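The values are calculated or read from the model by the stated rules, or taken from the named source; none is laboratory data. Since the model is a prediction, treat every value here as computed from it, not as a measurement. We place every Cβ from the backbone using ideal geometry, glycine too, and count neighbours over all the protein chains shown. Surface accessibility is based on the protein's heavy atoms, side chains included, excluding ligands, DNA and RNA. Shrake-Rupley method; radii C 1.70, N 1.55, O 1.52, S 1.80 Å.
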Amino acid sequence: MTTVRQPSLPRGLWHPRRIGWRLTLGFGLLVLLMLLALAQASFQIRHITGMTQRFATGDMQRLLRVQALSLQTEGVGSALSRLMNAPRENRVLEYADVDERNRRIDGIIESLGKGALDPAQEEILQRLVACRAIYADAFIATVDQIEADNLKAATRELNQQVTPALKAMLVESNALLARERENIEAGLAQAQARFERVAQWVGALSVLAVALAAWLGYRTTQSVVLPLAQLESAARRIAAGDYASRVSTTRAEEVDRVGQALNTMTDAVAQRERQIVQLAYHDPLTDLPNRTALLNPPHPPDTAYNGLALMDLARLKVINETLGYGTGDTLIKELALRARTVVHEAAARGQIGPAPTTARLSGGTLAVAFTAANRAAVQALHDQMELALAAPAVCGGHSVDLSVAYGFADSAPEGAALPVVTLMRNAEVALHTAKRAAVGFAWYSEAQEAARLSHLSLVSDLRVAVATSQLQMWLQPKFSLQTGLAVGAEALVRWQHPSRGFVSPAEFVPFAEQTGYISMVTSWMLEQALRTLALWAPLHPELSIAVNMSTRDLLDPEFCQRVQRLITRHGVDPHSLRLEIVESGLMDDPQTSVAVLHALRELGIRLSIDDFGTGYSSLAYLQKLPVSELKIDRSFIDGIDGQPGTQRLVKTMIEMGHGMGLMVTAEGVETEAEKTTITRLGCDVMQGYLGSRPLHGAALQAWFDALPPVSA
Ligand code: C2E
Ligand code: CA
Ligand code: CA
């Protein structure tokens, strides 16, 4: 797994990794700044208010007082002039006026002395007080002269002493006034400046707060949005099935926690997906890929296949039922193991391409998909496989033979790649052909060739063949192993084609089955068999003739009536007619076929299971069928005398057959040794080249004539 991790970021106070901290810090700073601006503004405003108040209550009053001083000083001058010129009786009034004014002047000077003054004002005030003292002395002297009626001296005193003193006082008072004005103006300017500073401060703080808010907003957005975007893209990658890359560390702790959870979830999902893939594409028994893995691989191979081999473990069903499912499983595992080794070695040699796939399809069927240069390479694979399977498998202490049928498909002659589905379907057809023909293996293209031939002429020829007696019925006698006497014969079709010569039933029967023409063949064979039975009956009524039924006939509900009409027409004992059915034929539509079988049994016809042990139906199922004979396929009998494993198998098959009340026949007995063995195993009837080859015409007649007469 690739891990994309960023270097861890500093975790200081100014680099907090938690979004919550970042927001708290950011907005806390913002609020602090705003509070600072507010505090500063309110402090300065209070200060300015204080200044204004002082200005209103102190400075302004002093100014008014100084103005009043000037007025009083001017007023006392004119009052003194009036006093000088007033008649004696009016002087009292004028004195009162002057006294009043003097008192006011003194009051003002006194109050001015009490207030806070700057040094310049202090100096002026001192000078004013001094002038006031001069004026007071001069005023008393003047009054004395007036009271002494010495007006001349009084006037002189007034002009020389009082008036200059008053003028000096006025000068000082005006100076004080000017000074006071100056002070007030300075105070106002100071307040103005202060106010402007406050405005600047608050403005600056506001700008700072706005900038900070903008910066915080940007940073917060970045620190939340970017990690979230990272999470989002990670989630999308996971959704797309990319479990390898991890969610990297972001700059936000909360997002990281979600990222961690996402990583954990990804691991869990990947783990579960691996399990699902394992379950979906893997066969637990053989440890091989399964059918799905071959047809729809999760990771398609680089090179497409041009060939496919199907290997089908023969007799699996019967092995399962007689030797147990454990043995069956062991055999499948053994087959898988050997096949895997052979395929691996062949791939290493470059015989079947670099990357063949071996898969288990179902039951005992394996498939190998490959890229082979030619058919010789595949033929070699077949030979290597057969060599590997030569030694029997050991299951539970006893040895069991591994017998396999092969179906091959390729894209010959082009050699180009084909879809696996097509290859598989073709190989299945080939495997079917191989089994039907009881040959070890078959190529699909051969089946195609046969199909092509059949298509072109054979099928239509078959119709003609039936009509023009190109078909022949050959009879292969069957013998009782107890008495050695003939018990009957199996009817086998032969086709003497006018231009192609002899055509094997293995070649045309499977195809006739596919096209439905087989019903004609069955009818024709039944006709021949019944005719023969009618001929035999007077001398040998104990002999039966068995006719092979096809799957098609089993699915034909009319079949039974046709057979009955024929039997009636030939006046034959239905008991002497046998019908052989292949067990796999029952599987296509079990309900209909079983119904047909029961109807036939009702007529008195006896039924046999043909090629027993090669198909997939179960013995338990066969038990329900109205059959009376079990014909063990000749692949079991071939060389049975030298195969203890097969003997055990066949013995069990025979015992089970007897257990169900069936007569057991061995097919394809070719040697005395085989005959001795099957007799020892308890078999009832034998059929095969050892007893007799299929017979026709004169040979058949000779055989019949040589039969010992039936003892009464
Ligand atoms: P089958 O029903 O299993 O017939 C037995 C086949 O084994 C016959 O091949 C017979 O000639 C052959 N045989 C008998 N004894 C021996 C022996 O000792 N060794 C060997 N190697 N072979 C032996 P045949 O006649 O070529 O028939 C092949 C198959 O064609 C039959 O297998 C049967 O499935 C089918 N078939 C033949 N005649 C008919 C028919 O009339 N109708 C239908 N539907 N199928 C038929
Ligand atoms: Ca048969
Ligand atoms: Ca047979």
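Within segment 472-510, the residues that satisfy the criterion of being more than 16 Å from ligand 3 (Cβ to nearest atom), surrounded by fewer than 17 Cβ atoms within 10 Å (Cβ to Cβ) and among the hydrophobic types (A, V, I, L, M, F, W, C) are Leu485, Phe502.
Just to be sure before I move on: is Pro505 within 16 Å of ligand 2 (Cβ to nearest atom) and either over 27 Å from Pro708 (Cβ atoms) or over 60 Å from the mean Cα position of the chain (by Cα) (or both) in the structure I sent? Lay out the reasoning, then the answer.
On the way: within 16 Å of ligand 2 (Cβ to nearest atom): yes; either over 27 Å from Pro708 (Cβ atoms) or over 60 Å from the mean Cα position of the chain (by Cα) (or both): yes.
The answer is yes for Pro505.
Ala209 meets each of the listed conditions (1) of a type outside the set (D, E, K, R); (2) over 30 Å from Arg18 (Cβ atoms); (3) open to solvent by less than 40 Å² (accessible area, probe 1.4 Å) apart from (2).
Residue-wise test of (1) among the hydroxyl-bearing types (Ser, Thr, Tyr); (2) open to solvent by less than 60 Å² (accessible area, probe 1.4 Å).
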site: Ile48; (1), (2): no, yes
site: Thr52; (1), (2): yes, no
site: Gln61; (1), (2): no, no
site: Thr73; (1), (2): yes, yes
site: Leu83; (1), (2): no, yes
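In segment 452-464, the count of residues that are under 46 Å from the mean Cα position of the chain (by Cα), part of a helix (DSSP H, G or I), modelled with pLDDT under 80 and away from ligand 2 (no atom under 16 Å from the Cβ) is zero. Checking each residue in segment 16-46 for being among the aliphatic types (A, V, I, L, M) and touching a residue at least 12 places away in the same chain (Cβ under 8 Å) picks out Ile19, Leu23, Leu25, Leu29, Leu30, Leu33, Met34, Leu36, Ala37, Ala41, Ile45. Of the strands (runs of 3 or more DSSP E) lying entirely inside segment 309-417, those containing at least 2 residues that are open to solvent by 20 Å² or more (accessible area, probe 1.4 Å) are 357-362, 398-400. The C-beta contact set for segment 625-647 (first residue surrounded by fewer than 20 Cβ atoms within 10 Å (Cβ to Cβ), second residue basic (Lys, Arg) and assigned to a helix (DSSP H, G or I), distance under 7 angstrom, 6+ apart or interchain) comprises Pro626/Arg601.
When residues in segment 212-227 are screened for being free of Cβ contacts under 8 Å to residues at least 60 places away in the same chain and loosely packed, with under 15 Cβ neighbours inside 10 Å, 8 of them pass.
Checking Ala178, Ala189 one by one, the residue that is open to solvent by less than 50 Å² (accessible area, probe 1.4 Å), not hydroxyl-bearing (Ser, Thr, Tyr) and not in a loop (DSSP other than H, G, I, E, B) is Ala178 and no other.
Taken over segment 108-143, the criterion of being open to solvent by less than 30 Å² (accessible area, probe 1.4 Å), within 15 Å of Gly77 (Cα to Cα) and among the β-branched types (Val, Ile, Thr) is satisfied by Thr142, Val143. Report yes if Glu513 is open to solvent by 20 Å² or more (accessible area, probe 1.4 Å) and within 16 Å of ligand 2 (Cβ to nearest atom), otherwise no. Spelling it out, Glu513 is indeed open to solvent by 20 Å² or more (accessible area, probe 1.4 Å) and within 16 Å of ligand 2 (Cβ to nearest atom).
Would you check if there is a residue in segment 436-447 being surrounded by fewer than 16 Cβ atoms within 10 Å (Cβ to Cβ), under 19 Å from Glu513 (Cα atoms) and at pLDDT below 90? Before you say what the answer is, go through the steps one by one.
The first filter runs over segment 436-447 and keeps only residues surrounded by fewer than 16 Cβ atoms within 10 Å (Cβ to Cβ), leaving 439-440, 446.
With the extra rule that they be under 19 Å from Glu513 (Cα atoms), the set shrinks to 439, 446.
Going one step further and asking which of them are at pLDDT below 90, we end up with 439, 446.
Yes - at least one qualifying residue is present in segment 436-447.
State all residues of segment 516-534 that are more than 10 Å from ligand 1 (Cβ to nearest atom) and open to solvent by 30 Å² or more (accessible area, probe 1.4 Å); if no residue qualifies, say none.
Initially, segment 516-534 is screened for residues more than 10 Å from ligand 1 (Cβ to nearest atom), giving 516-517, 520, 523, 527, 530-534.
If the condition is that a residue be more than 10 Å from ligand 1 (Cβ to nearest atom) and open to solvent by 30 Å² or more (accessible area, probe 1.4 Å), then Tyr517, Met520, Ser523, Glu527, Arg531, Ala534 are the ones that fit.
Can you name the residue in segment 85-107 that is among the small types (Gly, Ala, Ser) and part of a helix (DSSP H, G or I) and is also surrounded by the fewest Cβ atoms within 10 Å (Cβ to Cβ) among such residues? Step by step, filter segment 85-107, then rank; the result is Ala96.
Scanning segment 572-591 for residues that are modelled with pLDDT under 95 and away from ligand 3 (no atom under 16 Å from the Cβ), we see that the one that is farthest from Leu492 (Cα to Cα) is Gln591.
Among the residues examined, Phe704 does not qualify as open to solvent by less than 30 Å² (accessible area, probe 1.4 Å) and within 15 Å of ligand 2 (Cβ to nearest atom). Among residues belonging to segment 238-257 that are part of a helix (DSSP H, G or I) and not basic (Lys, Arg), point out the one that is most open to solvent (accessible area, probe 1.4 Å). Per the criteria, the residue is Ala239. Residues in segment 648-672 that are open to solvent by less than 50 Å² (accessible area, probe 1.4 Å), more than 12 Å from Arg634 (Cα to Cα) and among the small types (Gly, Ala, Ser): Gly657 only. Screening Asp633 on (1) touching a Phe, Trp or Tyr at 6+ places or on another chain (Cβ under 7 Å); (2) of a type in the set (Asp, Glu); (3) away from ligand 2 (no atom under 16 Å from the Cβ) shows it passes everything except condition (3).
Filtered by the rule that a residue be open to solvent by 20 Å² or more (accessible area, probe 1.4 Å) and touching a residue at least 60 places away in the same chain (Cβ under 8 Å), segment 673-693 gives Lys675, Thr679, Asp684, Gly691, Arg693.
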